[in-house]
Amino acid sequence: MSEPLLRLEHVERRYHMGGEDVRAVRGVSLSIDAGEHLAIVGPSGCGKSTLLNLLGAIDRPDAGRVLLDGRDVSALSDREATELRLRRIGFVFQRFHLLAALSARENVELPMSEAGLGKRERAERARELLSYVGLAGRERHRPPQLSGGEQQRVAIARALANRPALVLADEPTGELDARTGAEVAALFQRLNDDGTTLVIVTHDEELAAAAKRVVHMRDGLVVRDERGVAPAAAARGR
Amino acid sequence: MLGRLVAAALLGHRARTILAVAGVAVSAALLLDMVMLSTGMSVSFRSLLLARGFQLRVAPKGTLPFDTEATIADATATIAALRESPDIDAVSPVLGGNIHVPGANGTATSAVALGLDPRYQGDYEILAGRDPGEGEIVANDALLAAIGRGVGDTLTIAGGYDPQLRRFAGVRRVTIAGRARFLYLSRGQRAAAMPTASLQALGGASRRDRASLMMIRARPGADVETVRAWIARRLPRVTAISTETALAQVEERLSYFRQLAFILGSVSLVVGVLLVGTLVTVSVNERIGEFAVLRAIGVAKRTITAQIMIEGATLMLVGSLLGLLLGLVTARYLNAILSSFPGLPQAIDFFLFQPRSAWTALGLLAIAGVLAGAWPAWRGASLPVARTLREEAA
């Protein structure tokens, strides 16, 4: 049996909030294979986004291990974790978080520039990626000149810039209307069909329904992990 | 891409950027002016005193050159004695006095007169015409304007005037050989110069064979202090003062200026640093979410730190260059005001631009400004990414 792309072993994460210690993630163990399309669902405050941050190496567990390609990312130095995020992980945020002063193409080029790609190569790849997400001809537009759905497509193109092994999305349709959300969901589906491993935290039933695996969380625990069989129905029933 | 991010950050807040640059420019201009003021007068005095290569000035015992009306008697014998020294290359006697140019209806225009040796003199610069010979003078613009004459004209001058008898003494006809700028006289002060013998003759018996001071040029390689000591031994009736000693006395008198300049310069430096530090901190605080996102997508701390520090450095650089121009303009204006103080030599500059000092001051300001941005930059780059994203989302 091959090593999973991502593995969590008894991961715990606590933080101090409002004078109390909050156990956001409580001993979660999980394996994610390459090529999976996984949705993490659950009520607000159940620890979904904290878990996603741990998966993406932007947070460290207080206990347990997070392994990407068999490598313990929680033991990496800040510099190593940054390098890992740059080259192996793509992030999509609820509020897009594009740089407003840069054009769509420049936003997509940003991670490539950080990774040291040449100007011509990154411009060419940015054009290809924007075309892939359906924004050909919109390269020079700045975020304020784009709709919410278009901005999220730019953010997805940015997440794909350095050919990551894994794309993590935190409520990617949370700021979009139903129709635009469905378009973004279809784009994620296409991404997965093309081989990208996806982990999406969402409240959006349509988006969760499109996933091949749905992980349910409650109070920092994984309470159900459903694969293959009617995940859409499972998501609706959470 | 880094340059693009810096430009985007600065141009994205145009009003703030313009105000920051203006603030730095004013701070840099003040710093530059203070540097110019602290060194300008002493450098200006030095170049004035060394203009013609005279390293020593000999005055009547117990006086400074032109400090009093006192004169050296037996000037010819004194000069001869000075020339005995093999270390002395040239002796240039100068006699100070007044002349009167009679006008219509018994009026007269008075002027300072210098009697000197035109071959060696270091008191004036010829602007038009030539040095005066026997029976000739050179005059400055103030005198020529007052009497309505020009180079080549002939006029009557007098060495004295008795107001009770309304009679001029020592009257003679002279030709204006040149138009000159007198270095040691104040702006607007009327002045003329002529050979020493001419002025001595005009002054009658009281000025005969006298000099107010003698300027001494040592031979190349000679030790000026040794020459000074030799004069002190050989001619006990006079005081020899070296240019370096004179400069030290000037420096002592200018210490107030330097202290003032140092304090104001330091204040402007601190203000510049605080200004940039504050603006960079405000800018970082506004963009905490942006930096957290950049960190999340894999942008290194050093890239973000560099971006923020380059933003601060750009503000400092542009502000400092504008400050250089502003400082030069204000220095010129202030110099004109201060130089018109009565009694100050025309050739003295209060604000003297010295490229090395100016660049050192502005470089110091720029480095201090960059360092002021270092802490907020590091802070911005070192935010806990997950917590910041969580708080930004809330």
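If you rank B:Ile216, B:Ile348 by fewest surrounding Cβ atoms within 10 Å, what's the result? All intermediate terms of the calculation are to be shown ahead of the outcome.
Numbers: B:Ile216 26, B:Ile348 21.
Placing the least packed residue first, the sequence is B:Ile348, B:Ile216.
Kirkwood hydrodynamic radius, computed over distinct alpha-carbon pairs, for the range A:124-185: how many Å, to one decimal?
On the way: mean 1/r = 0.0828 Å⁻¹.
About 12.1 Å for the range A:124-185.
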message: Can you give me the convex hull volume of the Cα atoms of chain A, divided per residue and expressed in Å³?
response: 134
- request: Enumerate the lysines that A:Lys212 could reach by cross-link, defined here as Cα to Cα under 18 Å, with residues fewer than 8 away along the same chain left out.
  value: A:Lys48
- request: Enter the mean projected area of the convex hull around the alpha-carbon atoms of the range B:62-236, in nm², rounded to one decimal.
  value: 10.9
statement: Once the in-chain neighbours fewer than 8 apart are removed, the aspartates and glutamates whose Cα is under 19 Å from A:Lys119 read A:Glu106, A:Glu109, A:Glu128, A:Glu139
field: Ordering of B:51-62, B:329-340, B:370-381 by packing [mean C-beta count within 10 Å, highest first]
entry: B:370-381, B:51-62, B:329-340
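Can you give the helix-only mean residue ellipticity at 222 nm for chain A, where every DSSP H stretch with n ≥ 4 adds -39500 (n - 2.57) and the sum goes over all residues, rounded to the nearest 500 deg cm²/dmol?
Numbers: 8 runs with 84 residues, N = 238.
Estimated from H runs of four or more residues: -10500 deg cm²/dmol.
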- prompt: When averaged across all projection directions, what area in nm² does the alpha-carbon convex hull of the protein assembly as shown cover?
  reply: 43.8
- prompt: Okay, helix-only estimate at 222 nm for chain B: each DSSP H run of n ≥ 4 adds -39500 (n - 2.57), divide by all residues, round to 500 deg cm²/dmol; what do you get?
  reply: -18000 deg cm²/dmol
field: Rounded to whole Hz, the Karplus (6.51, -1.76, 1.60) HN-Hα couplings of the range B:178-190, x for glycine and proline
entry: x, 10, 9, 10, 8, 5, 8, 9, 7, 4, x, 7, 6
- prompt: To the nearest whole number, what is the average tally of beta carbon atoms from other chains within 10 Å of the beta carbons of peptide B:379-387?
  reply: 3
field: Amide proton proximity set for B:Asp209, modelled H, under 5 Å, gap of 5+
entry: none
task: Please report, in Å, the Rg and the Dmax of the range B:248-361, where both are computed over Cα atoms only.
output: 21.1, 71
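Would you mind giving the mean number of other chain beta-carbons within 10 Å of the Cβ of each residue in A:88-97, as a whole number? Let's see the in-between values first.
Working: counts 1, 3, 2, 5, 1, 6, 2, 5, 1, 10.
Taking the mean over all residues of the peptide, I get 4.
What does the charge add up to near B:Phe351, with Lys and Arg as +1, Asp and Glu as -1, over the other residues with Cβ less than 12 Å from its Cβ? Mind showing how you got there, number by number?
Working: positive: B:Arg332; negative: B:Asp33, B:Asp349.
Surrounding charge for B:Phe351 is -1.
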- prompt: Taking other Cβ within 10 Å of each residue's Cβ, how do B:Met309, B:Met316, B:Met214 sort, fewest first?
  reply: B:Met309, B:Met214, B:Met316
- line: B:Val151 neighbourhood, Cβ < 14 Å, K/R = +1, D/E = -1, net charge 0
field: chain A: angle of helix A:119-132 to the longest principal axis, Cα-based, in degrees nearest 10
entry: 70
query: Which whole-Hz couplings ³J(HN,Hα) result when phi for each residue of the range B:350-361 is put into the Karplus expression 6.51 cos²θ - 1.76 cosθ + 1.60, θ = phi - 60°, listed in order with x for Gly and Pro?
result: 7, 10, 10, 6, 10, x, 5, 5, 4, 5, 5, 4
message: With θ taken as phi - 60° and the coefficients 6.51, -1.76 and 1.60, list the Karplus ³J(HN,Hα) couplings across the range A:173-186 in order, rounded to whole Hz; mark glycine and proline as x.
response: 10, x, 9, 10, 6, 4, 5, 5, x, 5, 5, 5, 4, 5
field: Neighbour net charge for A:Phe96 - beta-carbon separation under 13 angstrom, K R +1, D E -1
entry: -2
- prompt: For A:His37, which sequence-distant residues (separation of 5 or more, or a different chain) have an amide H within less than 5 Å of its own amide H, given hydrogens modelled in the peptide plane?
  reply: A:Leu198, A:Lys212, A:Arg213
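How would A:Asp59, A:Asp21, B:Asp87, B:Asp223 line up from fewest to most surrounding beta-carbon atoms within 10 angstrom? Working shown, then result.
Working: A:Asp59 26, A:Asp21 8, B:Asp87 14, B:Asp223 11.
Fewest-to-most Cβ neighbours within 10 Å comes out as A:Asp21, B:Asp223, B:Asp87, A:Asp59.
If eta is 1.567 mPa s and T is 4 °C, what Stokes-Einstein diffusion coefficient results for chain B, Kirkwood Rh from Cα pairs, in µm²/s? Write down the numbers at each step before the final one.
Values: Rh = 25.4 Å.
Rounded, D is 51 µm²/s.
Could you work out, residue by residue across A:113-125, how many beta carbons of other chains sit within 10 Å of that residue's beta carbon, and then give the average as an integer?
Numbers: counts 6, 8, 2, 0, 0, 0, 1, 0, 0, 1, 0, 0, 0.
The shielding value for this peptide is 1.
Each value in this text was obtained by applying a stated rule to the coordinates, not by laboratory testing. Everything numeric in this text was worked out from a predicted model, so none of it was measured. Glycine gets a Cβ as well: all are built from the backbone with ideal geometry, and neighbour counts include every protein chain shown.
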